[in-house]
1. Show me the helices (runs of 4 or more DSSP H) entirely contained within the range B:155-212 in which 3 or more residues are within 14 Å of another protein chain (Cβ to nearest Cβ).
2. So residue A:78 passes all but one of these: (1) among the aliphatic types (A, V, I, L, M); (2) away from chain B (no Cβ under 11 Å); (3) within 16 Å of the chain's Cα centre (by Cα). Which condition number does it fail?
3. Could you please find all residues in the range A:1-35 being crowded, with 19+ Cβ neighbours inside 10 Å, of a type outside the set (A, V, I, L, M) and not in a helix (DSSP H, G or I)?
4. Every residue in the range A:191-227 that is in a loop (DSSP other than H, G, I, E, B) and free of Cβ contacts under 8 Å to residues at least 40 places away in the same chain, please.
5. Answer yes or no as to whether residue A:97 is in a loop (DSSP other than H, G, I, E, B) and among the hydrophobic types (A, V, I, L, M, F, W, C).
6. Out of the helices (runs of 4 or more DSSP H) lying entirely within the range A:289-354, which hold 3 or more residues that are under 30 Å from residue A:8 (Cα atoms) and either more than 14 Å from chain B (Cβ to nearest Cβ) or under 17 Å from the mean Cα position of the chain (by Cα) (or both)?
7. Taking the options B:141, B:129, name whichever one is at the interface with another protein chain (Cβ under 9 Å from one of its Cβ atoms) and either crowded, with 22+ Cβ neighbours inside 10 Å or within 30 Å of residue A:100 (Cβ to Cβ) (or both).
8. Being within 23 Å of residue A:66 (Cβ to Cβ) and within 22 Å of the chain's Cα centre (by Cα) narrows it down to one residue among A:179, A:164, A:146; which is it?
Amino acid sequence: MEHLYEILKHVDGFIYPNEIELQWGILIILYPYITGLVAGAFILASLERVFKIKVLRPTYHLALLTALAFLIVAGLPLVSHLGHPFRSYEILTTPQLGSAMAIFGFVYLWYLMVVLLLEIWFDYRYDLVIWSNESKGIKRRIYKILTLGVTDISPKALAWDKKLGYIITVIGIPSAFLLHGYVGFIFGSIKANPWWSTVLMPVIFLLSAMVSGIALVMFLYMVVSWIRKVKIDMACLDEIGKFLFMVLILDFTLESLDQVHRIYEAEESFEILHMLVTGKLTYTLFIFQGLMGTIIPLLTLGFFRMYLPKEKLRKPIYFLVSCLVLFGVFFMRWNVVIGGQLFSKSFLGFTSFKLGMVGLEGFWMALVWMIMPFLILSFILWLLPPWKKHSEETV
Amino acid sequence: MGTKRMNASRRNFLKKSAALAGTILATSALAPFNAIIFAAGEPEDKTKIWYGIGIDIEKCIGCGMCAKACKSENNVPKEPFYYRSWVEQYTIKNDGSINVVSPNGGIDGFTQTVPEEELFKTFFVPKMCNHCAKSPCTQVCPVGATFESPEGITLVDKEYCIGCAYCIQACPYGCRYLHPVTKTADKCTLCYHRITKGLKPACVEVCPTGARIYGDLNDKEGELHKFLKEHNCQVLKPNLNTGSKLFYNGLSAEVR
């Protein structure tokens, strides 16, 4: 409890005495961040499938598998943050349906089981059958299990795979919107907290999710190509850049609208929120999220709409832009989650937050949660390499 | 058959009309303080006990006995980060600046550091759970571990709480904390274990000036009703429509 005594010394003004400790720390920042990456990556994948943007084909499977890898991890920081993680099943067995949080388990399972796993399975079923015949040892056994015993690869069956996969992708788009819009609602519906309570929160969360997911796929596509030593499809990269630019504009516009609206209405909470953004959130909001995560990528991608530099220069710039966007969106989550708890609900003062290095809520643990989806993705890419798919040529 | 049905519907119509007329009549009789009653929402059963609390700021001397008694009675952790009940000291200076303090929740009492000639006004505000009729904290609990008792008291089942802290975020009054030992949400129970045995809540019991009262909002002859009728009472943050059942007499506009 020493850290609380330390924080007590750094309280500015007056806060309710129960408000010294921040209830939600780095793990709750990771939860919307990772969930957003899932939703964004999936929406990028569906652009290819549903909206037939063929130039994005090289990233279609990568985006889907990325969504899966990150979704497997998405709920874990949340559960591990609970005071009683082993009671988390109660959310599924006895949900209190009036609670925004109660629906999380169902939305999560729907998205994982019905949307992502099914879509990937239909997409890979043909390959799984072929690979289970071609491979040896344990890999052969895994592929066999993954086919779930459905080994019919007649053209008729494959046509059905395609059709069902398409239907699931179509269902998947509103599901992805639901998944992340809903996460925004968890914050946006808290009327006690003026920093969170805005009807725009679900929309802002959704758009920033798309921004981050698209940036993640851009980043991963380049990294995976470099590791595999294959040529990056620049047309595809440019197209991703174009979408990233479009969604960034929307995201930036809506987030700005939210702030302009707050400033113009200047309600009871205005003074304390003004002090919050110009004080404790200066770096994370204006520099990290605003300048680095939004303005620089926007200007760069906007410039690319007018003039495309040579490939040699474009590649590292795209890489840098994707990193900046991922960095910026992380701090968008930070500003929401941490920012919303720094000021007192008495609107008369601030507590403070210092990210510890060790412990379940510390930096190192957060890093572990953040690295985990990349490890899972590496495994999935090894097991289900999109570049070794047969169906590309045959179907 | 047709006649019977028509009769039945006529009877229903008469019944409903009578009920409506009765309600209007009863509501108009409540006119002097109906705003408060409606602000607190409606009790599920008007024939049963439905608790509310009254705090008279004009009587509070800031001794902090209530906050101290609450900690002892309910085994609230002694560290200065956990309170089911606390007292705030508001000091408004002549220049208009507001200074609010609550050192150790007011348990050790207060000192006034502002010189008398600079003082515009100063007063104490005891705080505790508002036992809202439309409580945001019970609304957000994902598993229903926090709930409103039939007597209108917001409670937490610590055997069922998962410790997500969503309710702590949702309480506009800062009345909840995560218990460092049980790792579950904790808050004022209005000393449920005492009042169900006919005893007063600890904070009410020890208040030397009688600044705190509690009682049945359905009891039109009760002490709380008398308090509400005789004073101009106000709830905290009425704009949030939480249906707070903690009524303050003499609540200054500066208090949040």
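Read-outs: derived from the displayed coordinates by stated rules, not from any lab. None of these values were measured; they are calculated from a predicted model. Here the Cβ is made from the backbone with ideal geometry for all residues, glycine too, and neighbour counts use every protein chain on show.
1. B:166-170
2. That leaves (2) as the condition not met.
3. A:14, A:16, A:21, A:23, A:24, A:25
4. Selection gives A:191, A:197, A:199.
5. yes
6. A:311-337
7. B:141
8. Selected residue: A:179, the only one of A:179, A:164, A:146 that is within 23 Å of residue A:66 (Cβ to Cβ) and within 22 Å of the chain's Cα centre (by Cα).
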